[in-house]
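The values are calculated or read from the model by the stated rules, or taken from the named source; none is laboratory data. The structure displayed is predicted, hence computed values, not measured ones. Cβ sites come from the backbone with ideal geometry, for glycine too, and all protein chains shown count toward neighbours. Only protein heavy atoms, including side chains, enter the accessible area calculation; ligands, DNA and RNA are left aside. Shrake-Rupley method; radii C 1.70, N 1.55, O 1.52, S 1.80 Å.
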Amino acid sequence: MQSLYATKTAIIQYRFVLESIKSNPLSTQMNPANPNIFENIPHQLPEELIECIFKQDNIQIERIISQGHMTPAGQWYDQDWDEWILLLQGEAILRYEQGNRNFHLTAGDYLLIPAHTKHRVEWTPPDLHTVWLAAHLHV
């Protein structure tokens with residue numbers, strides 16, 4: 001379970017994301033070619049699909065589609081920015097290096113990954129599309 005601080009921080013950052021989108025709903029940085037997050041998903045994905053669907057100032061929002069994809073063995077992501085993820089469909093296991101902590105995520109679960117938190121995707125089901133919404137917060 002997330003700490004109360006992490007949950008409050010995620011809510012505040014989520015509200016920031018929404019306000020950024022609301023303040024400029026016709027931004028030229030949006031991807032109008034795919035107006036539904038669940039449309040235009042290829043049946044087979046040899047590689048994880050990552051699409052930027054919104055970018056403005058200090059925020060970038062991506063749609064990520066996984067199908068049995070995971071971070072290569074021994075590799076960790078270590079980003080200079082916070083990342084807020086929401087699992088919309090499917091499931092995944094995400095691991096933090098510190099404390100070897102696992103998060104089993106199912107549809108509707110979200111997680112704030114603070115900057116410089118080494119993390120990796122341990123598993124996504126190979127027979128199902130796992131759909132993520134990721135907000136990269138470059139502040």
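Values computed for the structure shown
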| item | result |
| --- | --- |
| Candidate set: region 53-84, residues that are assigned to a strand (DSSP E or B), touching a helix residue (DSSP H, G or I) at 6+ places or on another chain (Cβ under 9 Å) and not β-branched (Val, Ile, Thr); chosen: the one surrounded by the most Cβ atoms within 10 Å (Cβ to Cβ) | Trp84 |
| Scope region 89-133; condition in a loop (DSSP other than H, G, I, E, B) and under 19 Å from Asp78 (Cβ atoms); matching residues | Glu97, Pro114, Ala115, His116, Thr117, Lys118 |
| Selection from region 43-52 of residues that are in contact (Cβ under 8 Å) with a residue 12 or more places away in the chain and surrounded by fewer than 17 Cβ atoms within 10 Å (Cβ to Cβ) | Gln44, Leu45, Glu47, Ile50, Glu51, Cys52 |
| Odd one out for Val131, checked against (1) open to solvent by 30 Å² or more (accessible area, probe 1.4 Å); (2) under 19 Å from Pro46 (Cβ atoms); (3) within 11 Å of the chain's Cα centre (by Cα) | (1) |
| Breaking point among (1) in a strand (DSSP E or B); (2) within 21 Å of Thr124 (Cα to Cα); (3) of a type in the set (A, V, I, L, M), for Ile41 | (1) |
| Selected residue (only one of Leu94, Leu87 is under 14 Å from Leu128 (Cα atoms) and buried (at least 18 other Cβ atoms within 10 Å of the Cβ)) | Leu87 |
